[in-house]
Amino acid sequence: MRVNDPDIKFLFEPQAIAVIGASHNPTKIGHKIVANILEGGYPGQVYPINPKGGEILGLQVYKSIEEITDKIDVAVIAIPAKLVYEAVQSCAHHGVKFAVIITSGFSEIGNTEEETKLVAYARAHGMRILGPNIFGLYSAKASLNATFGPSEITSGNIAIISQSGALGVALVGKTKAANMGLSTIVSVGNKSDLAEEELLEYLVSDEGTKAIMMYIEGIKNGETLDTTLQMATKKKPIVVLKSGRSKKGAIAAASHTGSLAGADEIFSDIMGQSGVLRAESIQEALNWCQVLSSSPLPQGDNCVIITNGGGIGVLATDACEKYGVPLYDDIETMHNVFAEVVPKFGSVKNPIDITGQASLQDYGRALKAAMSYDEIHSIICLGCEAAGFDPEFFSTTIETLFSSHKLDKPMVFSFVGGPKIEESIYYLKARGVPIFFDVYEAVSTFGALYAHHRNLKEYMEEKTGITISDQEIDFGLIEEILNRVKQEKRQFLLAYEAEKLMQAARVPMPQSSIARNLDEVVKAAREIGYPVVMKVVSKDIIHKSDVGGVALDLENTDEVIDAYQAIIQNCRSRMPNAIIEGVEVAEMVQKGTETIIGARRDQTFGPIVAFGLGGIYVEVMKDVSFRALPIDRKEAIAMIKQIKSYPLLLGVRGEPQKDIERVLDTILKLGTILESCKSISDIEINPLMVYEQGKGVKAVDVRILLTT
Ligand code: COA
């Protein structure tokens, strides 16, 4: 928010609210909003506005906002699109702090000009806009239901920010059905002005909000969102559900909200980097929010599964691996803790199997044992409807167990059984017990809990800082190179310029020199040592191989002479107008592990860095990791370890480990250069050949582009 902007608090906790378009017709949106505000018990002043005047639901209707003498914090606008600009002007003149524009028919259908006009006017007059194209907002703290959705919303501690109006309305219903309480639900629609980042500012400081869920279709300002999220996730868990994962989904989302859906992989990685938890489905997001908003955080990594069936226990073990839930494996301790509560034919190894004959009382004893032992930090309690327990007492027993231990340690339940058990699960869910029909569902909530726990823990640990010092990169030399390119009005660096830039950053490149005639070519090849490669040098030829301007693996003087003549002849005949400055003779690079490192200015997220293994790993498997810059050493290590082909760098089948340290350095250097040199838009090393540990790396090909 800018200095003169109104405090975002007034959007969620207004003292007085106006509804422009408050209709006398009960079927219209403008009427429903007034009705919801009244039914929700909003204690502030409500001013319905309609040129017809009269009365709506017992309230005096004002013909225009000018008739109102009171200050108004929020004006909800629900009149046709063509009338909105005038209403925005009146609101701004009246000193309204926030205009909540319900109306559709703006950028989402291509009417961007009108939307821009609204925002420009509002901003110039100190007013902010939520929407347009939204269903409104609900704030439990202000008992304010300024939506045209359901009139009854269960209040609680989960906040939802939804880009989709219809989904937002549906979520109000769904959370009610699941008896999950909301602190806020706010629709952002076209995000013409206010976007998630500003709403998050309020939600992270709101004591009534314990977990935040966001449904996102497209991002307007990824850099600001990312910065806000990095801060916000250190205070509260944030779960994001983003559509547009698939290519077709991304296109649908773009046309739905009029904003561009960023590449999904970049989005995912940057969300992870910020500590945001990305859910796959609506149900998963809600399950996570339920547990994150109500459970204590684990105090450590020792999770224990208690089960009455081996099968379901193994399923849970698999799920723990999938969702990153760390299982306790100290067999001796486990034996000491559980020996007395597990029959001889059971198992005291994690999963703790109290066997099919276990009664609900046996569950109680096992749970108590786990709760009382400090080194056990969380419990997954599972069961199959078996001979041992009486379904009649199932719900009361589980509810009692949960309420007596819910503040001690994280606990989650999953039971499989007949109609009585299923009924009980519904009953328990509605009472706030974290119980799930499916083991994977249950464990996935713990995955989110542990991911949030790890995020907070890492934040508390000392930062390693950016470890590339200015001494390692000669920025003076880089600026000189870039200035020359800019003077020539080029947007790309020639190979020898890119090479020089890499030298300035001390990134090793193959030895090479420029030769302008046959004698120089032969001399250069001898000095470098065979085998060598040769490439044409010309500002006019960018795709050298396409015109026969490249020769590889030249083993002796004769081959070098032939190649030189062939290159010159090919280029002259295929690009007769190109000015050929000579050829570059370079060392033929030894085979190593091919990697790719790229740094560029992303349209959505600003400066980012990417890392992947070369060849098929990048092209076919899309095995690449991304991070928003700046990153420190720890984050760079995380991005290297994230790729699936990471074991190849560690060395497989007896191969030695590769020089990961130098890869790390190169990632950090490219990131630092992109951050410091604003005129560079893209740097890509492809391939960066990585050799055995201690033997370094070599940037075989470097492509550098400048911003337009
Ligand atoms: N100030 C105040 N009230 C005004 C007005 C003004 N300048 N101009 C008109 N009105 C009144 C009208 O007289 C009418 O009241 P009435 O029914 O008592 O006569 C009321 O405002 C509504 O205007 P109307 O022309 O009937 O519009 P509508 O109710 O049919 O549609 C919208 C208005 C905003 C609902 C509609 O344009 C729209 O955008 N619908 C989609 C909303 C949506 O889906 N949003 C996204 C959700 S996710």
If you roll a 1.4 angstrom probe over the protein chains with everything in place, what fraction of the accessible area of the chain belongs to carbon and sulfur, to the nearest %?
51
Local electrostatic count, residue 15, Cβ distance below 15 Å [Lys/Arg +1, Asp/Glu -1]:
0
How long are the three semi-axes of the equivalent ellipsoid for the chain, computed from the Cα gyration tensor as the root of 5 times each eigenvalue, in whole Å, largest first?
54, 41, 18
What is the antiparallel percent of DSSP beta bridges lying wholly in segment 91-229, to the nearest 5?
35
Checked against the positive end of the charge dipole of the chain (+1 on Cβ of Lys and Arg, -1 on Cβ of Asp and Glu, about the Cα centre), the farthest of 550, 691, 35 is 35
Going highest first, how would you order 678-688, 542-552 by mean Cβ packing within 10 Å?
678-688, 542-552
For residue 402, the net charge from surrounding residues (Cβ-Cβ under 14 Å; K, R +1; D, E -1) works out to +3
Net charge (Lys, Arg +1; Asp, Glu -1) of residues whose beta-carbon lies under 9 Å from that of residue 377, residue 377 excluded, is -2
What ranking do 62-69, 376-383 get when scored by the average of other Cβ atoms within 10 Å per residue, highest first?
376-383, 62-69
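With both partners inside segment 5-122, how many of the DSSP beta bridges are antiparallel, as a percent to the nearest 5? Write down the numbers at each step before the final one.
Working: 2 of 16 bridges.
The antiparallel fraction comes to roughly 10 percent.
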Strictly over 25 Å apart at the Cα level, which of 535/591; 174/220; 32/71; 634/698; 457/622; 210/457 would you flag in this model?
174/220; 457/622
Between the residues 229, 185, 202, the Cα farthest towards the positive end of the dipole of segment 134-237, that dipole coming from +1 and -1 charges on the beta-carbon of Lys, Arg, Asp and Glu, is from 185
Amide H contacts under 5 Å for residue 155, restricted to residues at least 5 apart in sequence or on another chain and with H modeled in the peptide plane, are 182
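Only helical DSSP H runs with n ≥ 4 go in: add -39500 (n - 2.57) per run for the chain, normalise by residue count and round the 222 nm mean residue ellipticity to 500 deg cm²/dmol.
So the calculated ellipticity at 222 nm is -12500 deg cm²/dmol.
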In terms of the charge dipole of the chain, which places +1 on Lys and Arg and -1 on Asp and Glu at the beta carbon, the residue among 92, 151, 171 farthest towards the positive end is 92
Per-residue ³J(HN,Hα) for segment 286-299, Karplus 6.51 cos²θ - 1.76 cosθ + 1.60, θ = phi - 60°, Hz, x for Gly and Pro:
5, 4, 4, 4, 4, 6, 5, 8, 10, 8, x, 7, x, 8
Could you give me the ³J(HN,Hα) list for segment 130-136, computed from phi with Karplus coefficients 6.51, -1.76, 1.60 and θ = phi - 60°, whole Hz, x at Gly and Pro?
9, x, x, 6, 9, 9, x
In debye to the nearest 20, the charge dipole size for the chain, taken about the Cα centre with +1 at each Lys and Arg Cβ and -1 at each Asp and Glu Cβ, equals 1280
How far is helix 660-676 tilted, in degrees, relative to the longest principal axis of the Cα atoms in the chain, given as a value from 0 to 90 rounded to the nearest 10?
80
Please determine, in degrees from 0 to 90 and to the nearest 10, the orientation of helix 518-528 with respect to the longest principal axis defined by the Cα atoms of the chain, where the helix direction is its Cα long axis.
60
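The values are calculated or read from the model by the stated rules, or taken from the named source; none is laboratory data. Fair warning: this is a prediction, and the values are worked out from it, not measured in the lab. Methodologically, a virtual Cβ is constructed for each residue, glycine included, from the backbone with ideal geometry; neighbour enumeration extends over all protein chains shown. Side chains are part of the model used for accessible areas, which takes the heavy atoms of the whole protein and leaves out ligands, DNA and RNA. Shrake-Rupley method; radii C 1.70, N 1.55, O 1.52, S 1.80 Å.
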